[in-house]
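Chemist: Got a structure for you, questions after.
The values are calculated or read from the model by the stated rules, or taken from the named source; none is laboratory data. What you see is a predicted model, and the numbers here were worked out from it, not measured in a lab. Reconstructed Cβ throughout: ideal geometry from the backbone, glycine too, with neighbour counts over all protein chains shown. When the accessible area is computed, the model is the full protein with side chains, heavy atoms only, and any ligands, DNA or RNA have been set aside. Shrake-Rupley method; radii C 1.70, N 1.55, O 1.52, S 1.80 Å.
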Amino acid sequence: TVGPNVIDLKNLYHDSGYFTFDPSYSTTASCESTITYIDGTNGILEYRGYPIEQLAEQSTYLEVAYLLFNGELPTSNISLDEFRSDVKQNMMLPENMELIFSGFGRNAHPMAVLTGLIGGMAAFYPDSLKINSVEQQDLCLIRLIAQMPTLVAMSHRYSLGQPYQYPKNDLSYTANFMKMMFGSPTEDYRIRNILVRALDRIFILHADHEQ
């Protein structure tokens with residue numbers, strides 16, 4: 001309902017014997033989405049119909065994650081608190097997952113490390129392979145949202161040869177990420193709210209990539 005009109009080509013090869021050639025996907029839509037609309041030329045970004053300016057000004061990253069996840073912003077503090085609680089309870093990694101890091105060199109590219117770690121998550125959560133289970137789909141998404149900052153922070157600290165930092169339930173999602181990235185085990189991490197809010201907005205801006 002939003003954006004340019006679309007020509008349906010799914011039967012083109014069957015009807016004509018021709019493929020289309022669009023290696024950069026510059027003129028091809030591969031799926032239909034009700035989540036995100038992007039028009040970079042005109043500076044438009046919307047999640048579930050909400051303009052990014054409104055979300056960046058009035059919402060936190062976890063509220064936006066809730067919006068992407070459920071289709072609407074939370075209608076009560078109770079529903080948002082439950083979502084936050086689910087995320088916080090899943091931020092810790094399975095214990096043996098830390099052993100995977102030792103298989104990478106300290107100078108390994110962080111995206112290569114993350115690719116291996118995220119792929120390896122399925123081995124620690126075998127029930128997630130029940131891909132037709134709505135319950136497992138929801139739980140898998142919660143785990144990905146929750147454990148991504150932990151994985152990123154641990155990858156960063158591993159590359160520096162520094163001890164890992166663990167999340168704390170009394171910190172926000174983004175404050176936890178900053179603590180795990182830059183904290184020290186010998187002293188309390190000082191939370192700078194202006195930096196937490198700035199990073200939270202960056203997370204909101206990059207929360208989804210249209211497809």
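Chemist: Kindly provide the set of residues from region 74-92 that are over 15 Å from residue 170 (Cα atoms) and either under 14 Å from the mean Cα position of the chain (by Cα) or open to solvent by 40 Å² or more (accessible area, probe 1.4 Å) (or both), ordered by number.
Modeler: Within region 74-92, 75, 76, 77, 78 meet the criteria.
Chemist: Next up: Do we have any residue at all in region 38-52 that's touching a Pro at 6+ places or on another chain (Cβ under 9 Å) and over 21 Å from residue 175 (Cα atoms)? If you could, list the steps in order and put the result at the bottom.
Modeler: Our first condition is that a residue be touching a Pro at 6+ places or on another chain (Cβ under 9 Å); within region 38-52, this holds for 44-45.
The next check asks that each one be over 21 Å from residue 175 (Cα atoms); those that pass are 44-45.
Yes; the residues of region 38-52 include at least one that is touching a Pro at 6+ places or on another chain (Cβ under 9 Å) and over 21 Å from residue 175 (Cα atoms).
Chemist: Tally time: how many residues in region 120-133 are surrounded by 13 or more Cβ atoms within 10 Å (Cβ to Cβ) and assigned to a loop (DSSP other than H, G, I, E, B)?
Modeler: 2
Chemist: So in region 30-53, with the set limited to residues that are in contact (Cβ under 8 Å) with a residue 60 or more places away in the chain, within 15 Å of residue 68 (Cβ to Cβ) and hydroxyl-bearing (Ser, Thr, Tyr), which one is surrounded by the fewest Cβ atoms within 10 Å (Cβ to Cβ)?
Modeler: In this case the residue turns out to be 33.
Chemist: Here's another thing I want to ask about it. I'd like the residue in region 93-119 that is more than 26 Å from residue 175 (Cβ to Cβ) and within 17 Å of the chain's Cα centre (by Cα) and, out of all such residues, is most open to solvent (accessible area, probe 1.4 Å).
Modeler: In this case the residue turns out to be 115.
Chemist: Among the residues of region 104-119, how many are assigned to a helix (DSSP H, G or I) and more than 20 Å from residue 166 (Cα to Cα)?
Modeler: Count: 5.
Chemist: Kindly indicate which of 19, 69 is in contact with a Phe, Trp or Tyr (Cβ under 9 Å, 6 or more places away or on another chain) and either within 20 Å of residue 198 (Cα to Cα) or surrounded by 10 or more Cβ atoms within 10 Å (Cβ to Cβ) (or both).
Modeler: Numbers: 19 fails: either within 20 Å of residue 198 (Cα to Cα) or surrounded by 10 or more Cβ atoms within 10 Å (Cβ to Cβ) (or both).
Of 19, 69, the one residue that is in contact with a Phe, Trp or Tyr (Cβ under 9 Å, 6 or more places away or on another chain) and either within 20 Å of residue 198 (Cα to Cα) or surrounded by 10 or more Cβ atoms within 10 Å (Cβ to Cβ) (or both) is 69.
Chemist: Got a number for residues in region 146-190 being open to solvent by 30 Å² or more (accessible area, probe 1.4 Å) and under 16 Å from the mean Cα position of the chain (by Cα)?
Modeler: The qualifying residues number 3.
Residues checked against (1) in contact with a Phe, Trp or Tyr (Cβ under 6 Å, 6 or more places away or on another chain); (2) at pLDDT below 90; (3) under 24 Å from residue 95 (Cα atoms):
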site	(1), (2), (3)
128	no, yes, yes
167	no, no, yes
191	no, no, no
199	no, no, no
202	no, no, no
211	no, yes, no
